[in-house]
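Accompanying notes for the structure given below.
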Amino acid sequence: MSIGFETKNEILKTDKEKNISKKFYIESYGCQMNFADSEVVASIVSNHGYNSTTNLNDADLILLNTCSIREKAELTVRKRLESFNKLKNNNKNLKVGVLGCMAERLKNKFLDEEKIVDLVVGPDAYKDLPNLLEEINEGRNAVNVLLSKEETYGDISPVRLSSNGVNAFVSITRGCDNMCTFCVVPFTRGRERSRDPKSILKEIRKLVDSNYKEVTLLGQNVDSYLWYGGGLKKDFKKISDLRKKTSIDFSKLLKLVAESFPKLRIRFSTSNPQDMSLSVINTMSNYENICNYIHLPVQSGSDKVLKAMNRQHTREEYLTLIKEIRKAIPDCGISHDMITGFPNESAKDHKLTLDLMKQIKYDFGYMFKYSERPGTYADKKFDDNVAEEIKKARLQEIIDLQQKHSNYRTMQYIGKVVEVLIEKESKKSNIQWSGRNQQNTVVVFPKGIYNIGDFVDVIINDCTSATLMGLAIDYSKK
Ligand code: SAH
Ligand code: F3S
């Protein structure tokens, strides 16, 4: 096709038509928020005329939504980028974009040193993608890593990627103001802001109308959700009393969602101990459709370490919160995040972590070795002085202890009936379904007459530390 012909026709074509034959492929790393963001990106790119593909070799545009939380996460992404080099050799028109948390930190490195990347876009700049794509299609590199005070993507209707049609993520806040000293998120995702409840309800309505059965409300710190008409969380103090009175906090939002969609299962993540209020706990216990499960990261059982981490609570306050949760919701599933080998963590601090775990006996947990992140307070002020071998040994110890506790917790279900939402076929057996109970533990059972998306009562007769096994109760036979 001659250039002249193309130029002439271009005047008459919309952006969408120009790119209609192009295909994008998107891959996500890191937290649930990144997966939710990829669905926003997919929506924006699709509206700009790209069709999605799940086959890398078909793509004209590859987007990697990246994670910076630990060094290992970044290394994984870099390896993946290198593997695209070969694809670029085979397809000179292929463009590669880096999205998400690594974008801000490494934009220059990506564009200058690693010539594989054409496009770098930070978590608050996805609406600029149509312009940025235009740039790269004209042969220039394009970057936008600006963080925003307002952006919540509330007006974008996400395209559900590789969805089972049953569970979906709905983000309710962006950014984080907590400044835990080890964490890169406040730098990569910016200040905390909440999304308009109307747009949250609208998104959930659409999901319910498409037969989705469960949503997870997402934020770095959901309990800190606060809608007062838009703007940063930290500016709330400055507004009028009337606006304060009509503001909506997380417990009100939960109530609103639970009442608007009584048949929908509702989960949320992540809760921060210092922001989780009794009214949230009470709302959970008042509504059947809010799952009895809380992910409540603690990071350490030692007050000395918690203080150095700038976690805004003590060990005692955390234990009191757990007591309150168990009092109001006796069967609540509780999980944690834990870091071993934070700077200056002593053998005594580590023992306090083990001791805290023994007191709580979490259902499960996510456990990590401390990874120093450039630019954080801990990087600037503390020495990463716990030897790698010790970090590793401590991590193994907490993993082993958690395994014991998980086993203890799953054993408690034997002989009991749990409500399971069927999500997929079991990985291990094509004659079994796999789903989760309210407490977020995986349950597998023979398929019988049931289908994906059904709620089924299952009587538990066996377990491993991570999975419950049982039989569905067929009430029609009674
Ligand atoms: N509030 C967030 C936390 C995001 S980070 C949320 O939505 O889950 C998830 C977990 O990664 C943290 O709870 C912490 O346990 C771990 N983590 C964060 N920074 C880390 C670091 N520098 N080294 C090791 N683990 C880290
Ligand atoms: Fe990170 Fe702490 Fe926020 S772990 S995401 S700074 S709550």
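Scanning the range 122-152 for residues that are buried (at least 20 other Cβ atoms within 10 Å of the Cβ), part of a loop (DSSP other than H, G, I, E, B) and aliphatic (A, V, I, L, M) turns up just one, ALA125. Screening VAL117 against (1) surrounded by fewer than 22 Cβ atoms within 10 Å (Cβ to Cβ); (2) in a loop (DSSP other than H, G, I, E, B) leaves a single unmet condition, (1). Could you go through the range 257-276 and let me know if any residue there is over 23 Å from the mean Cα position of the chain (by Cα), more than 16 Å from ligand 2 (Cβ to nearest atom) and within 26 Å of CYS180 (Cβ to Cβ). Checked the range 257-276: no residue is over 23 Å from the mean Cα position of the chain (by Cα), more than 16 Å from ligand 2 (Cβ to nearest atom) and within 26 Å of CYS180 (Cβ to Cβ). A single member of ASP177, ASP196 is within 16 Å of ligand 2 (Cβ to nearest atom), without any contact (Cβ under 8 Å) to a residue 60 or more places away in the chain and closer than 18 Å to ASN221 by Cα, and it is ASP177. Scanning the range 319-354 for residues that are in a helix (DSSP H, G or I), small (Gly, Ala, Ser) and in contact with a helix residue (DSSP H, G or I) (Cβ under 7 Å, 6 or more places away or on another chain) yields one hit, ALA328. A Cβ distance below 8 Å, combined with a sequence gap of six or more or placement on separate chains, defines the contacts here; from the range 355-380, residues that are assigned to a loop (DSSP other than H, G, I, E, B) reach residues that are small (Gly, Ala, Ser) in the pairs TYR362/SER335; TYR362/SER406; ASP363/GLY333; ASP363/SER335; ASP363/SER406; TYR370/GLY341; GLU372/ALA378; ARG373/SER68. Just a yes or no: is a residue in the range 196-207 under 30 Å from LYS72 (Cα atoms) and buried (at least 16 other Cβ atoms within 10 Å of the Cβ)? No, the range 196-207 contains no residue that is under 30 Å from LYS72 (Cα atoms) and buried (at least 16 other Cβ atoms within 10 Å of the Cβ). One residue stands out among those in the range 190-224 that are assigned to a loop (DSSP other than H, G, I, E, B) and within 11 Å of ligand 1 (Cβ to nearest atom): the one that is farthest from MET276 (Cα to Cα), which is GLU192. Looking only at the range 73-114, filter to residues that are out of contact with any Asp or Glu (no Cβ under 6 Å at 6 or more places or on another chain), basic (Lys, Arg) and more than 24 Å from GLU192 (Cβ to Cβ); which one of those is surrounded by the fewest Cβ atoms within 10 Å (Cβ to Cβ)? My answer is LYS92. For the range 45-63, the criterion of being within 27 Å of PHE182 (Cα to Cα) and either crowded, with 19+ Cβ neighbours inside 10 Å or at pLDDT below 95 (or both) is met by none of the residues. Among the residues of the range 153-189, those that are within 14 Å of ligand 1 (Cβ to nearest atom), assigned to a loop (DSSP other than H, G, I, E, B) and more than 18 Å from SER38 (Cβ to Cβ) comprise CYS176, ASP177, ASN178, MET179, CYS180, THR181, PHE182, CYS183, VAL184. Taking the listed residues LYS245, LYS233, the one that is basic (Lys, Arg), buried (at least 16 other Cβ atoms within 10 Å of the Cβ), on the phi < 0 side of the Ramachandran plot and modelled with pLDDT under 95 is LYS233, with no other qualifying. Can you pull out every residue in the range 275-294 that is surrounded by fewer than 21 Cβ atoms within 10 Å (Cβ to Cβ) and touching a residue at least 60 places away in the same chain (Cβ under 8 Å)? Of everything in the range 275-294, just one residue is surrounded by fewer than 21 Cβ atoms within 10 Å (Cβ to Cβ) and touching a residue at least 60 places away in the same chain (Cβ under 8 Å), namely ASN292. Would you confirm whether or not the range 282-298 contains a residue that is under 21 Å from THR376 (Cα atoms), in the same structural domain as THR181 (by TED's automatic domain parsing) and touching a Leu at 6+ places or on another chain (Cβ under 9 Å)? Yes, the conditions are met somewhere in the range 282-298.
The values are calculated or read from the model by the stated rules, or taken from the named source; none is laboratory data. None of the values given here were measured: they were computed from a predicted structure. Glycine gets a Cβ as well: all are built from the backbone with ideal geometry, and neighbour counts include every protein chain shown.
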